[in-house]
Every structure is written in structure tokens, then in C-alpha cells.
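Worksheet for the structure shown next.
The values are calculated or read from the model by the stated rules, or taken from the named source; none is laboratory data. As the structure is a computational prediction, the values presented were derived from the model and not from experiment. Positions of Cβ are generated from backbone atoms using ideal geometry, with glycine treated the same way; all protein chains shown enter the neighbour counts.
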Amino acid sequence: MVALALGVASVGLLGLLENNLTRNAQTDAERQAVLIAGLAAEGRLDTVLTPDRGTDFLQVVDAHGRVLAASPNLKGRPAVSTARPSAPGTVRDTWNGRPVREEHRQRVVQVTTATGIGLVTVYAGTSLREADAADEFIRAALIFAVPLLVLTVALVTWRVTGWALRPVEAIRAEVAEISDRDLHRRVPVPPSQDEIARLAATMNTTLDRLEASVTRQRQFIADASHELRSPITVLRTQLEVAQAHPDPSLWGELVSGALEDTVRLQDLASDLLLLARLDTAQAPPSSTVDLTEVVREAARARKGDPVPVDTEIAPDIAVRGSALWLARLVTNLLDNAQRHANQRILLSLSVDEVGNTAVLEVSDDGPGIPPADRERVFERFTRLDDARSRDQGGSGLGLAIARDIATHLGGSLTIQDSAPGAHLVARLPLKET
């Protein structure tokens, strides 16, 4: 591209120089030709013409080709051109080596005018030796300068590009060596504070997210395996006892226990499947859901719970999402409150006009959640009270699923200060009208 640009610029420079020098030479010759043509028209033409500075030769020829006047260097010579103009006018042309023995080109101006003896043509010529010399010099200079300049630009570009891309190569080499067991490694960030530095920082941020995702996935697999192992072990034990003691009087208790563990396994598998779907979902559901009806239906389903659920539900609140996901969100919050409440649970739904969000709140009068644990309770398989049995404490997935649903629908789930008890607040964007 540099060579092409320099080539075009060189041609343009030569053309501009040629036109400028030719125009300057032509101006002098044309001025004297017009002057002599005026003398011929007035009948005051001398037979010997003296060229002014900038003009090499002069000649005046009548319509029959007879030479009426000429400069000393054309004395006795025939007309410089055999062409006979038929009307007054001015013609400009470039001749090579004629009529004067000149090794350079000549710019000739031909002026035809009417006189008392008919049409008379004045030829005034000037040498283009300065233009030819300048062309030769510039052309010779460009022949050597352009390749040298192109070579210099290529060398500098190669060195500068290599130097500039050296951090990119370092980044590439480091990324190529990072495997799934080396996600703690990071690419070097150059101190240049330019685009490459920002690329390296972005790459490290991506590696941070990837490492966190892989760590979370491995922890999830380990926790899920641990959670599944307990009910499977209990279920196997019950079946082995039933097989070892084929006493019909024990079967009812054993079958009841096996059924309870099977239900627990089924619930845990459903939770794990929902979490997997939330982790892999590309876009949140966009259908319109009547959140008021979803919350009311969830509250009606809790009529037989040990702790009664009081409700304060505002009407006609619609959001975008999935009715199934939103019902699961409300159910998980109520299940968590039932496990910890003493005498009362409050379920409320309202609208925050300032934030344009639906506000779903579930509070209980239980022991509450310490401030230091208010983020940890949303981690998967987290139980704050390890002394509690798994039947009382649940699987540790309820709040994690609830927050994932709220986040995936563009909202949030947080724990606010409340004494006594716990106060969970979910905010969901309202449907745009």
C-alpha cells in the first residue's frame, strides 16, 4: 500500500511539475507571438525579429507559405510548418527537435491574424530544456528514493509491528498453555495502557469468570453427589432390612420410610434439574404473567401448613417471565419461612413506583439470619444449622433456586434487616405498558 501510494504520488508530482514548467515557458512565447501578430496587422513588421528573453525563435509566414520575417537563427529557412490556417486563432503545441536543432522539446505557439495582405501566422517557440532537465532529475531521484523509502517503511513497519504484537504473542502463548487444571493462571498485562493492555485485562477477567464457573460446577457436582448419597444409602438399608427380615409386620414401616426417601430423592433431582436449566438458559421467558394470581395461588396452597400464612397482596400486578418459575420462587420462600417460623409468616406483594418493580416480601418470626450469613444462605447446599436434621433443614437449594430465578428474570432477591425473624425481599421488573 505504501509503494502504491508513493507511485501515485510520484506520477502526480511529475505531472504537476511538467505542467507548471510547460505553462511558464508557453506564457513567454505566447506573449511575444501576440505582440508580433499585432505589429503584422498594423503593417509595421520588420524582416528580422529579435526574440525576447524566454523565446528561442520567431517566424512570420503568409497564407501562401512565404516567410515574411524571422529571427536570426531561422534566417533563410522555409516555413517551420506546412499547415496553413484558414482562420485567425491561437494554437499551442509541443515539437521535438524542430525547427531549431535543439535536443530538448520545444513549446510552440502559433498565432494567426488578419492583415492587409491576408492571413499571417506567427510562430514563437521556446525550449523546454528546463522542464526536461527537471523531469530527468526528479525521475532519477524517484527511481532511487521510492524503493529505498518503501524498503525503509517495510523494515520499520515489520519491526514496530513485531514490537507492538509481542504482548499479543505472550498472551497467546500463555492461553495456549492453560488447561482445565491451570485456570488459576493469568495472561501478562503490558504496562502500555493501550488496546492490548485492555485486551489482556479482559482476557484475565474472562479467565476469572471461567475459573469461578468451573469451581462452582465442581463444587456443585461434589455437593450433589453428597446429597444424593445419603437418601440412596438409607433407601438401600431399608430394602436390605426388608430382604433380610421378611416379616410382613415390618413392611409397612419400611415401605413408608422407603417412600419418604424416594420422594426426597425425587425432589432433589427436580431441584438439580431446575438449577441446570437456569444455568444454561440463554434468554429469560418473555410471556406476561399475572404475579398477583401466582402469589394468591401459592398462598391458598399453604392452608394446611403448621404456621399460618398472612397475606397482603396488591391486585393486578403483571410481570414478564414464567408462571412456573415464579410459582417456584414463591413456594421456595414460603418453604424456607415454614422451616424457621414460630407462629407467623407474612406474604406481601406490592409495587414500587419509583423503581418500576414488583416487590414480593416473605417474613417470619423465627430466629432470623445473622448479617454475616445473608449472602451465604443463597449458595447451593448451604445450611446454617448443621445440627438440624436434613428433614428440617431441607437440601440447601431452595434459596439458591429462588435467587437464580429472580436474577434470570432481571430482578433480585435479598435479605433485609428484621427483628425478630427473617425478611426476604424479591424485586421483579414490571411488564412494560
Do you know which of the residues in the range 283-336 that are within 40 Å of the chain's Cα centre (by Cα) and part of a strand (DSSP E or B) is surrounded by the most Cβ atoms within 10 Å (Cβ to Cβ)?
321
Just a yes or no: is a residue in the range 60-72 touching a helix residue (DSSP H, G or I) at 6+ places or on another chain (Cβ under 7 Å) and either at pLDDT below 90 or surrounded by 15 or more Cβ atoms within 10 Å (Cβ to Cβ) (or both)?
yes
Test: residue in the range 80-100 that is in contact (Cβ under 8 Å) with a residue 40 or more places away in the chain, in contact with a strand residue (DSSP E or B) (Cβ under 6 Å, 6 or more places away or on another chain) and crowded, with 19+ Cβ neighbours inside 10 Å
yes
So, in the range 176-196, exactly how many residues are surrounded by 13 or more Cβ atoms within 10 Å (Cβ to Cβ) and touching a residue at least 24 places away in the same chain (Cβ under 8 Å)?
3
Is it fair to say residue 186 is farther than 30 Å from residue 396 by Cα, among the basic types (Lys, Arg), part of a helix (DSSP H, G or I) and not assigned by TED's automatic domain parsing to the domain that holds residue 400?
no
So how many residues does the range 279-299 have that are within 25 Å of residue 396 (Cα to Cα) and modelled with pLDDT of 75 or more?
5
I'd like to check something: does the range 400-410 contain any residue that is outside the structural domain of residue 224 (by TED's automatic domain parsing), modelled with pLDDT of 85 or more, out of contact with any Gly (no Cβ under 9 Å at 6 or more places or on another chain) and assigned to a loop (DSSP other than H, G, I, E, B)?
no
In the list 230, 225, which residue meets the criterion of being within 30 Å of residue 401 (Cα to Cα), polar (S, T, N, Q) and loosely packed, with under 13 Cβ neighbours inside 10 Å?
225
Can you say whether residue 134 is closer than 30 Å to residue 106 by Cβ and not charged (D, E, K, R), as far as the supplied structure shows?
yes
Looking only at the range 235-248, decide whether some residue is under 30 Å from residue 180 (Cβ atoms), outside the structural domain of residue 331 (by TED's automatic domain parsing) and free of Cβ contacts under 8 Å to residues at least 40 places away in the same chain.
no
Just one of 385, 391 is at pLDDT below 85 and in a helix (DSSP H, G or I); which is it?
391
